[in-house]
Amino acid sequence: MRSLLQYVACFFAFFSTGFLIVATWTDCWMVNADDSLEVSTKCRGLWWECVTNAFDGIRTCDEYDSIYAEHPLKLVATRALMITADVVSGFGFITLLLGLDCVKFLPDEPYIKIRLCFVAGTALLIAGAPGIIGSVWYAIDVYVERSSLILHNIFLGIQYKFGWSCWLGMAGSLGCFVAGTVLTCYFNLFKDVGPERNYPSSMRTPYSTTAVSKAKSYVAPRTETAKMYAVDTRV
């Protein structure tokens, strides 16, 4: 049971961290929705925009302006949230690896390993929050923008819908929540493991009540000097 929970959490943590990192650094957060009128596929990411010709497959990408330039709030906030999710989830995954029983790190300290798993679970839960907020916020903003154009019968320009990078961000965030929940349950189940080391039975000193009673009943004999000093003090 203990190893199974560790492996399940490690599986979700690995793919969730990978999904978040891939989502942050890919270019398909927005994709053009009107495929019938366009001869190319346009994708917009957090850092650059790419256009792929539908006939010859030639792909060209243009980076956005410097990070110090003025950008929409949606773009800046999603960048910050996704980078935070990447860093925290990566920290949680590395901590989880150190806490696995199959990893030879502090093999004689099971209590510390359990604590490492708890720290990893907490980090993954925290990482899921900015990831899901950034992904859902971006997706809602794209959907609202497109719906407002359709509602007002405005069909000029290119209409976008959220692409697979946004879906990856959502999936990675949900995976972090699952991994963090599993690790939290794992800590609650096995937190009673004591911090003491598990020494072999052959190295343990046998405890004997007879020896203790003999030690208590033993009184050291007095020397002649001690007897003379006792008589002098009484006088």
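The values are calculated or read from the model by the stated rules, or taken from the named source; none is laboratory data. Everything numeric here is computed off the predicted structure, so don't read it as measured data. Every residue, glycine as well, gets a Cβ built from its backbone with ideal geometry; the counts of neighbours run over all protein chains shown. Side chains are part of the model used for accessible areas, which takes the heavy atoms of the whole protein and leaves out ligands, DNA and RNA. Shrake-Rupley method; radii C 1.70, N 1.55, O 1.52, S 1.80 Å.
For every residue, the table says whether it meets (1) open to solvent by 70 Å² or more (accessible area, probe 1.4 Å); (2) out of contact with any Asp or Glu (no Cβ under 6 Å at 6 or more places or on another chain); (3) over 25 Å from R44 (Cα atoms); (4) acidic (D, E).
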{"site": "E63", "(1), (2), (3), (4)": "yes, yes, no, yes"}
{"site": "R79", "(1), (2), (3), (4)": "no, yes, no, no"}
{"site": "F91", "(1), (2), (3), (4)": "yes, yes, yes, no"}
{"site": "I114", "(1), (2), (3), (4)": "no, yes, yes, no"}
{"site": "L125", "(1), (2), (3), (4)": "no, yes, yes, no"}
{"site": "G128", "(1), (2), (3), (4)": "no, yes, no, no"}
{"site": "G131", "(1), (2), (3), (4)": "no, yes, no, no"}
Would you check if there is a residue in region 154-164 being free of Cβ contacts under 8 Å to residues at least 60 places away in the same chain and closer than 18 Å to L20 by Cα? no
Does at least one position in region 11-18 carry a residue that is closer than 24 Å to M170 by Cα and at pLDDT below 90? no
Please give the number of the condition Q159 fails out of (1) open to solvent by 40 Å² or more (accessible area, probe 1.4 Å); (2) at pLDDT below 85. (1)
Counting just the residues of region 67-77 that are in a helix (DSSP H, G or I) and open to solvent by 60 Å² or more (accessible area, probe 1.4 Å), which one comes out nearest to A120 (Cα to Cα)? V76
